[in-house]
Amino acid sequence: MKVLLVAPPGAGKGTQGVVIAEHFDIPHIATGDLLRDHVARGTELGAQVQQFLDRGELVPDEVVLGMVREALEAAKGPGYVLDGVPRTMDQARALYEIAVELDLTADVVLHLQVEDAELVRRLLARAAEQGRSDDSEDVIRRRLALYYDVTHPILDWYGERGILVTVDAMRPADQVGAQLVTALEVMRQMIEPNPDAARQPVDLTGLDSAFGAPSR
Ligand code: ADP
């Protein structure tokens, strides 16, 4: 299962990325986490990107795309959840080329849909809890505006290619997770290159384990 997560800040990409990665046993590659990790470790790359992160601006493409290529190569496996990239049409095209080269083109683009007022509410709550440097109200507004400007429009491109799945992510995280894991499980049966596997019945009875419940 090769999944791209595209959603506005605060929609729950990180949370759901982990759920999907655990359920399908694939790596969760989150560009924001990788960048923040560089800043925290004080690497050269971290020093280069810190200002962009603090201001809620996009880090230059070559930095992000280089990092993503490395992560995909290191993951080596047949699947991944990419969270936070692509954020622009240019990144979408570049990512597609990288994925073609590595024989890892995405099976599905998951779009988490949440109303703006709810996004701002969640991000402000996170600001109080985690103190992320980009969760102040003015930077939140800038990140949201940037999302609608340059990120949201790429969803049409994926829609035309027939790999876009949009879920309502206004509900509690566990309900959103259950819905999207279900959608991906059903899709996996269709994507599976082995025609015998494609005729397997879909079994969702083990789904609870994706949410921490002991498997029965
Ligand atoms: P959110 O989506 O909630 O804003 P992320 O953790 O995904 O949070 O991203 C945080 C920041 O990391 C972004 O505001 C941006 O500065 C940087 N970033 C992450 N991914 C990319 C990307 N693909 N291109 C450019 N900058 C990125």
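The values are calculated or read from the model by the stated rules, or taken from the named source; none is laboratory data. Since we're looking at a predicted model, the values are computed, not measured. Cβ atoms come from the backbone with ideal geometry, glycine included; neighbour counts cover every protein chain shown.
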Inset, instruction - Identify the residue in region 26-45 that is more than 10 Å from the chain's Cα centre (by Cα) and within 19 Å of Asp103 (Cα to Cα) and, among all such residues, is surrounded by the fewest Cβ atoms within 10 Å (Cβ to Cβ). - result: Pro27
Inset, instruction - Evaluate region 53-61: report whether one residue or more is under 30 Å from Arg171 (Cβ atoms) and modelled with pLDDT under 95. - result: yes
Inset, instruction - Kindly provide the set of residues from region 127-140 that are touching a helix residue (DSSP H, G or I) at 6+ places or on another chain (Cβ under 8 Å), assigned to a helix (DSSP H, G or I) and surrounded by fewer than 17 Cβ atoms within 10 Å (Cβ to Cβ), ordered by number. - result: Glu137
Legend entry - Residue count for region 78-122, restricted to those that are touching a Phe, Trp or Tyr at 6+ places or on another chain (Cβ under 7 Å) and of a type in the set (Gly, Ala, Ser): 2
Inset, instruction - For residues that are without any contact (Cβ under 8 Å) to a residue 40 or more places away in the chain and part of a helix (DSSP H, G or I), scanning just region 159-179, find the one that is farthest from Gly12 (Cα to Cα). - result: Glu160
Inset, instruction - Could you check, for region 3-11, whether at least one of its residues is within 11 Å of the chain's Cα centre (by Cα) and more than 12 Å from the ligand (Cβ to nearest atom)? - result: yes
Legend entry - Hits in region 106-126 (condition: in a loop (DSSP other than H, G, I, E, B) and crowded, with 16+ Cβ neighbours inside 10 Å): Ala106, Asp107, Val114
Inset, instruction - Could you grab me the full set of residues in region 47-66 that are within 9 Å of the ligand (Cβ to nearest atom), assigned to a helix (DSSP H, G or I) and without any contact (Cβ under 8 Å) to a residue 40 or more places away in the chain? - result: Val49, Phe52, Asp61, Val63, Val64, Leu65
